[in-house]
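So the structure is just underneath, and the comments pick up after that.
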Amino acid sequence: MTEWDGRFSLSSKLRLPLSAVKSLPSKWGISVLIAIGIIFPYLASDYWIDVAVFWGIYVLLGLSLNIIVGEVGLFNMGHSAFFAIGSYTTAILSERFGLSLWLLLPLSGFAAGLAGYVLAKPIIHLRGDYLLIVTIGLNEIIRITLLNNPWGLTGGPNGIIVLDQFRLFGRAVQHPIDFYYLVWVFVAITVFVLVRLQRSRIGRCWNYVREDEIAAQAMGIDTRWAKLLAFTLGAAIAGATGTIFAAKLVVISPESFTFMESVILFTIVILGGMGSIPGVILGSAAMMVLPELLRNFARYRMLFFGLAMVLMMIFRPQGLWPSRRWTTILREGESE
Amino acid sequence: MPHGGLWPCRLRQSPHAESMALFIEQLVNGLTVGAVYALVALGYTMVYGVMRLINFAHGDFFMIGSYLGFTLVSSALVGGAIPLWAALILITALSMVGVAILGVVVERAAYRPLRRASRLTAVVSAIGVSIFLQNAVMLIWGPRYRAYPSWAVPDVSWQVGGIYINLMQILILAVSFGLMVSLYVFVQRTTVGAAIRATAIDHDTARLMGIDVDQIIRLIFLIGPALGAAAGVLLGLYYRQIHFTVGWTYGLKAFTAAIMGGIGNIPGAMVGGLLLGILEMLGAGYISSAWKDVFVFLILILLLMFRPTGILGERIAEKV
């Protein structure tokens, strides 16, 4: 890959994002990681396999939020609302109608995506921090609604028990190892799709909106449409993840979808590096696995965790694995 | 955890109360809580105005103020040696000083290194600070609810035209309006205030005018947390129960208030805080206390849909 030499030749400008997007590790690196991923459950205890399962779930959620925050630059700090809608769609439909989880996965994604579209449509024009507080507001509205048990649907503070499991080749995916593979296969599929999307016209269009909305608009991009698409897609992936979460956690209750949860997801995206897919994977590791590693400190665990967050930001303000495209553009912006 | 269970709003509903009296009573309750929100919102808005940073740890400054006040009130230090009113003033002042020092330390340690970094980086650092402070408080004071002693403020109330007002409500209104007016005068009428306003507009130009920007930011981190701490002590005295998570619950409300008023705008934070308190109490009185926050956030969303920069926020022309 050649670095952009700063000349304003049209062709190099156009080619830049395409070549610079290769912020993923090399083919060799990926193969080694996949191999480690496959043998990991045979080496680790059930406890650590479970940690890896939740890590995978947070990677999915982080990836979904990364579309909104990282790719388009919309400050969404209420993402767990869509996760909640997906989880509750699964829980309610599974409880009432006994639908299969394989069917509920796309259905929950659709429900959350629809909610994302409808809720974001009137507020998508808001900028920065105003959008941030509105999404927090939506998160709170949805959480309180779930808590207040409207029409006896959500089970109030106790939530709903999901008895069903994913069924594959006639057996339930229940054992931590099986679940581990299930989650990480979903992660792999999502990463594949999102990398393709990132390199596509839509992905570049999102980044354009993030970098300079007015210029993007002037170039004929329908920025409103681009933002809404990102919001809807992000919400849909979070919703589908809700099904996996419901199957893993068994009990779905409002306390899993608090403002704090949204803040954690937001942190994953920023900590990893905005718009960077490997960054999200590392960021969620930092947010999910690090507290487990700090377990030895028992009561001081979260104290150290807060400190670690501050230190990570001070020493790596651009994120753990920044998107290459992102930094290239930043450098360009500074040299103006 | 049932929502609103922390410090439940205390409604005194007499079966014979006329609807007008109920309305005014809710208004007074709302003003009381709103004054506290306004004090906390000022901290958010001032930091935002000068640094463009959403200080997620600000709610925790408020919470720590509340805990410091609790320790001071319960300590033997003030057990009768000086009159109660003097003790209360002393306690509030000491908590304010303590939290102000903490604010400056946090700014130096966690925000200053990130001043040149992207805004969201500093936000994550603020979230880290918040987690740190909450857990520090939990380790120091324990994870359970703590209660201010009931003798701290005599439970006196007066009946004015069919509604009840108690001493604590008057105290809260007096102290917070006093602080807000002094802040407003300070920012609008003094040279240092002018320096703060100049820094809020443009750091570099302010520096060229001979303003020490670091000093101004330090000052902001003295004033904001101090106001938050005063609010914490007042609210602790009012509702008695405190918990290490109230920083988030109240911080979120105060941040909402700051946005409602137009973030970065000092009178906006005051208006936003009072409005939010009133809306919340009217929602609790006329809809239901379980749905009051839904009501508040719906109003916020509607407000921002039609006035995207809040009540007093200015419309900033977009740069092309």
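The values are calculated or read from the model by the stated rules, or taken from the named source; none is laboratory data. The structure displayed is predicted, hence computed values, not measured ones. Here the Cβ is made from the backbone with ideal geometry for all residues, glycine too, and neighbour counts use every protein chain on show.
I'd like the residue in the range A:145-162 that is in contact with a Gly (Cβ under 9 Å, 6 or more places away or on another chain) and not in a strand (DSSP E or B) and, out of all such residues, is surrounded by the most Cβ atoms within 10 Å (Cβ to Cβ).
Looking at the filtered set, the residue picked out is A:Leu146.
So B:Leu68 passes all but one of these: (1) within 12 Å of another protein chain (Cβ to nearest Cβ); (2) modelled with pLDDT of 85 or more. Which condition number does it fail?
The one condition B:Leu68 does not meet is (1).
For the condition closer than 30 Å to A:Pro122 by Cβ and touching a residue at least 24 places away in the same chain (Cβ under 8 Å), what is the one hit in A:Ile270, A:Ile221? Talk me through it step by step, then tell me what you get.
Numbers: A:Ile221 fails: touching a residue at least 24 places away in the same chain (Cβ under 8 Å).
Going through A:Ile270, A:Ile221 in turn, just one is closer than 30 Å to A:Pro122 by Cβ and touching a residue at least 24 places away in the same chain (Cβ under 8 Å): A:Ile270.
When the residues of the range B:262-275 are filtered to those that are within 12 Å of another protein chain (Cβ to nearest Cβ) and in contact (Cβ under 8 Å) with a residue 60 or more places away in the chain, which remaining residue is farthest from B:Gly34 (Cα to Cα)?
Once the filter is applied, the top-ranked residue is B:Gly264.
Just to verify a result, which residue in the range B:131-145, among those that are of a type outside the set (Phe, Trp, Tyr) and facing chain A (nearest Cβ under 7 Å), is surrounded by the fewest Cβ atoms within 10 Å (Cβ to Cβ)?
To start, the set of residues in the range B:131-145 that are of a type outside the set (Phe, Trp, Tyr) comprises B:131, B:133-140, B:142-144.
Still in the list and also facing chain A (nearest Cβ under 7 Å): B:131, B:135-136, B:139.
On the way: B:Ile131: 26, B:Asn135: 21, B:Ala136: 18, B:Leu139: 14.
Here the answer is B:Leu139.
Return yes or no: is B:Leu167 in contact with a Ser or Thr (Cβ under 9 Å, 6 or more places away or on another chain), free of Cβ contacts under 8 Å to residues at least 24 places away in the same chain, away from every other protein chain (no Cβ under 14 Å) and more than 19 Å from B:His243 (Cβ to Cβ)?
Yes, satisfied.
Condition check: within 14 Å of chain A (Cβ to nearest Cβ), within 23 Å of the chain's Cα centre (by Cα), at negative phi and not in a strand (DSSP E or B). Does B:Ala152 satisfy that?
The answer is no for B:Ala152.
Kindly indicate whether B:Thr249 is closer than 23 Å to B:Ile278 by Cβ and part of a helix (DSSP H, G or I). I'd like the intermediate steps shown before the answer.
Details: closer than 23 Å to B:Ile278 by Cβ: yes; part of a helix (DSSP H, G or I): yes.
So B:Thr249 passes the test.
With (1) out of contact with any Phe, Trp or Tyr (no Cβ under 6 Å at 6 or more places or on another chain); (2) in contact (Cβ under 8 Å) with a residue 60 or more places away in the chain; (3) farther than 30 Å from B:Phe23 by Cα; (4) in a helix (DSSP H, G or I) as the list, and B:Met138 as the residue in question, which single condition is left unmet?
Here B:Met138 clears every test but (1).
When you go through A:Gly283, A:Gly273, A:Gly306 one by one, which is the residue that is buried (at least 20 other Cβ atoms within 10 Å of the Cβ), on the phi > 0 side of the Ramachandran plot and within 14 Å of another protein chain (Cβ to nearest Cβ)?
On inspection, the qualifying residue turns out to be A:Gly273.
May I ask you to list the residues in the range B:95-124 that are facing chain A (nearest Cβ under 8 Å) and hydrophobic (A, V, I, L, M, F, W, C)?
B:Ala109, B:Ala110, B:Leu114, B:Ala117, B:Leu120, B:Ala122, B:Val123, B:Val124
Just give me the residues in the range A:105-134 being without any contact (Cβ under 8 Å) to a residue 60 or more places away in the chain and in a loop (DSSP other than H, G, I, E, B), in sequence order.
Correct list: A:Pro122, A:Ile123, A:Leu126, A:Arg127.
Of the residues A:Val250, A:Val263, A:Val183, which single one is in contact with a Leu (Cβ under 9 Å, 6 or more places away or on another chain), at pLDDT below 90 and β-branched (Val, Ile, Thr)?
A:Val250
Sort out which residues of the range B:206-247 are within 24 Å of B:Gly313 (Cβ to Cβ) and of a type in the set (Phe, Trp, Tyr), and write them in order of number.
B:Phe221
So which of A:Gly155, A:Gly170 is touching a Ser or Thr at 6+ places or on another chain (Cβ under 8 Å), more than 13 Å from chain B (Cβ to nearest Cβ) and at positive phi?
Just one listed residue meets the conditions, A:Gly155.
Give the number of residues within the range A:53-77 that are part of a loop (DSSP other than H, G, I, E, B) and farther than 18 Å from A:Ile133 by Cα. Give the derivation first.
Of the range A:53-77, the ones part of a loop (DSSP other than H, G, I, E, B) are A:72-77.
Going one step further and asking which of them are farther than 18 Å from A:Ile133 by Cα, we end up with none.
So the answer is 0.
Looking at B:Ala117, B:Ala122, B:Ala126, can you tell me which residue is under 30 Å from A:Leu320 (Cα atoms) and in contact with a His (Cβ under 9 Å, 6 or more places away or on another chain)? Give the derivation first.
Numbers: B:Ala117 fails: in contact with a His (Cβ under 9 Å, 6 or more places away or on another chain); B:Ala122 fails: in contact with a His (Cβ under 9 Å, 6 or more places away or on another chain).
Checking each option against the conditions leaves just B:Ala126.
Are there any pairs, at least 6 apart or on different chains, whose C-beta atoms fall under 8 Å, with the first in the range A:185-208 and under 16 Å from A:Leu61 (Cα atoms) and the second buried (at least 19 other Cβ atoms within 10 Å of the Cβ) and of a type in the set (Gly, Ala, Ser), and if so, which?
Qualifying pairs under 8 Å: A:Phe186/A:Gly56; A:Val187/A:Gly56.
Just checking, how many residues over the range A:298-336 are at pLDDT 75 or above and over 25 Å from A:Leu194 (Cα atoms)? Can you show your working first?
Applying the first criterion (at pLDDT 75 or above) to the range A:298-336 yields A:299-323.
Still in the list and also over 25 Å from A:Leu194 (Cα atoms): A:299-315.
Summing the residues that are at pLDDT 75 or above and over 25 Å from A:Leu194 (Cα atoms) in the range A:298-336 gives 17.
Tell me which residues, restricted to the range A:122-135, are of a type in the set (A, V, I, L, M, F, W, C) and at the interface with chain B (Cβ under 7 Å from one of its Cβ atoms).
If the condition is that a residue be of a type in the set (A, V, I, L, M, F, W, C) and at the interface with chain B (Cβ under 7 Å from one of its Cβ atoms), then A:Ile123, A:Leu126, A:Ile133, A:Val134 are the ones that fit.
Select from the range B:67-126 the residues that are farther than 22 Å from B:Gln215 by Cα, small (Gly, Ala, Ser) and not in a helix (DSSP H, G or I) and list them in ascending order.
B:Ser75, B:Gly79, B:Gly80, B:Ala81
Please tell me if A:Ala20 is surrounded by 14 or more Cβ atoms within 10 Å (Cβ to Cβ), at pLDDT below 85 and under 24 Å from A:Leu197 (Cα atoms).
yes
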